Amino acid sequence: MASPFDGFEVEVGMRPATQDWAFDLDRALSSVVALEARVAGDAFTAASLGVERIGNGAVLNASGLVLTMGYLIMEAEEITLTRGDGTEIEAHALGADPVTGFGLVQALAPLDLPALPLGDSRRLKAGSRVVIAGAGGRAHAAASQVLTRMRFAGYWEYLLDEAIITGPAHPHWSGAALLDESGALVGAGSLSLQGRTRDGESTPLNMFVPAELLAPILDDLASGRPAHPPRPWLGVLAQDFQDRVVLVGVNPRGPAARAELRAGDVIRAVAGAAVTDLAEFYTSLWAQGPAGTTIPLKIQREGDVFDVEIRSADRGALLKKPRLN
């Protein structure tokens, strides 16, 4: 039977050594569990995120609360957590926050694992040493460093003010725990990005969501309540291109599709205010009001420029609710 740890080992030379860290490395690494989620084929996110998702989660407390990324557990019907010794424990999703990207899971039986102390990534700077911990102990952990903190705009209507970028990259970053030199949890693994070496060659990097974003929303997320008011959502997939915001696709069930926007369209302005990059676009979009607000856009399509008004939606309303075991 396949193990959730198979295929995700870190190269030996990248693994952290006990003597290089002031905290109990093996104890901290044992607090990261593998996470497997299964989603129904008719779920809203099934086509984009798949029906079987594998990642990691960090144990937050003795009651079995586990921090992961929301995209791993969104609409999950079944969730299994696996400890480093192979013990499997069923769990259920408590909530996923589209603003930060965090997700919370509750184990349905004792994990009997130490909790990771929640830290503050704002103390990190370029060059700070970190450990990227995937589930499975030392063979699944990487000694890395912070390269920069930067604003990150995702093509799926997502904006993070201060993403943490690290390198060398971990091969199994989703939900991985970012640990600082004290052993505190300072981030959760979100994405793999491509950077450039000084020679111009492409190199993989990891992006983490800062842990300090969790504390203000933890109680709501753990209780299954929305951590933030729903933002207006259009269902566009967009990217920056030469000081323009260009659509690369639209969600077939989203407002933009109903308004007949399509790949190749350029968003020139929101409510009369020009936008030249994704961050400007999202900031202007969300400033128009709550989900359901009508959004005025100026669109360029080939040689034509025209105005369109799109009634936004609450993306969360399209998701299947978590099933409590």
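The values are calculated or read from the model by the stated rules, or taken from the named source; none is laboratory data. Being a predicted model, the structure only gives us computed values, none of them experimental. FYI the Cβ positions are ideal-geometry reconstructions off the backbone, even for glycines, and counts take in every protein chain you see. The accessibility values were calculated without ligands, DNA or RNA, using every heavy atom of the protein model including side chains. Shrake-Rupley method; radii C 1.70, N 1.55, O 1.52, S 1.80 Å.
Key figures for this structure:
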{"read-out": "Contacts under 6 angstrom Cβ, first residue in the stretch 201-215 being within 15 Å of GLN145 (Cα to Cα) and modelled with pLDDT under 95, partner open to solvent by less than 30 Å² (accessible area, probe 1.4 Å) and assigned to a strand (DSSP E or B), 6 or more apart", "value": "THR203/GLY195"}
{"read-out": "Among (1) assigned to a strand (DSSP E or B); (2) closer than 28 Å to GLU52 by Cβ; (3) touching a residue at least 24 places away in the same chain (Cβ under 8 Å); (4) of a type outside the set (Lys, Arg), the one test that VAL186 misses", "value": "(2)"}
{"read-out": "Filter pass, SER48 being surrounded by fewer than 22 Cβ atoms within 10 Å (Cβ to Cβ) and among the polar types (S, T, N, Q)", "value": "yes"}
{"read-out": "Wholly within the stretch 10-112, strands (runs of 3 or more DSSP E) carrying at least 2 residues that are modelled with pLDDT of 95 or more and not aliphatic (A, V, I, L, M)", "value": "32-39, 52-59, 76-82, 88-96, 102-107"}
{"read-out": "Residue satisfying all of: in the stretch 297-314; within 22 Å of TYR158 (Cβ to Cβ) and not small (Gly, Ala, Ser); most open to solvent (accessible area, probe 1.4 Å) among these", "value": "ARG311"}
{"read-out": "Filter pass, ARG231 being among the basic types (Lys, Arg) and over 24 Å from GLU36 (Cα atoms)", "value": "yes"}
{"read-out": "Residues satisfying the stated conditions in the stretch 194-213, i.e. assigned to a strand (DSSP E or B) and either among the β-branched types (Val, Ile, Thr) or surrounded by 17 or more Cβ atoms within 10 Å (Cβ to Cβ) (or both)", "value": "THR203, LEU205, ASN206, MET207, PHE208, VAL209, PRO210"}
{"read-out": "Residue match in the stretch 174-186 (condition: closer than 25 Å to LEU278 by Cα and either modelled with pLDDT of 95 or more or in contact with a Lys or Arg (Cβ under 8 Å, 6 or more places away or on another chain) (or both))", "value": "yes"}
{"read-out": "Which listed residue is in contact (Cβ under 8 Å) with a residue 40 or more places away in the chain and among the hydrophobic types (A, V, I, L, M, F, W, C), from LEU81, LEU49", "value": "LEU81"}
{"read-out": "ARG151 open to solvent by 10 Å² or more (accessible area, probe 1.4 Å) and either farther than 29 Å from GLY235 by Cβ or among the hydroxyl-bearing types (Ser, Thr, Tyr) (or both)", "value": "no"}
{"read-out": "The stretch 7-30 residues that are open to solvent by 80 Å² or more (accessible area, probe 1.4 Å), paired with ones that are of a type outside the set (Phe, Trp, Tyr) (beta carbon under 6 Å, 6 or more apart)", "value": "GLU9/ALA139; ARG27/PRO114"}
{"read-out": "Residue pairs meeting the criteria (Cβ under 6 Å; at least 6 apart or on separate chains; first touching a residue at least 12 places away in the same chain (Cβ under 8 Å) and under 17 Å from ASP304 (Cβ atoms), in the stretch 252-273; second part of a strand (DSSP E or B) and of a type in the set (S, T, N, Q))", "value": "VAL266/GLN300; ARG268/GLN300"}
{"read-out": "Condition check for LEU116: within 20 Å of the chain's Cα centre (by Cα), under 16 Å from ALA215 (Cβ atoms), modelled with pLDDT of 95 or more and among the hydrophobic types (A, V, I, L, M, F, W, C)", "value": "yes"}
{"read-out": "Residue under evaluation PRO216, criteria (1) open to solvent by less than 40 Å² (accessible area, probe 1.4 Å); (2) not in a loop (DSSP other than H, G, I, E, B), criterion not met", "value": "(1)"}
{"read-out": "Single match in ALA135, ALA163, ALA169, ALA139 (criterion: assigned to a helix (DSSP H, G or I) and not charged (D, E, K, R))", "value": "ALA139"}
{"read-out": "Among (1) on the phi < 0 side of the Ramachandran plot; (2) over 15 Å from the mean Cα position of the chain (by Cα); (3) among the small types (Gly, Ala, Ser), the one test that GLY64 misses", "value": "(1)"}
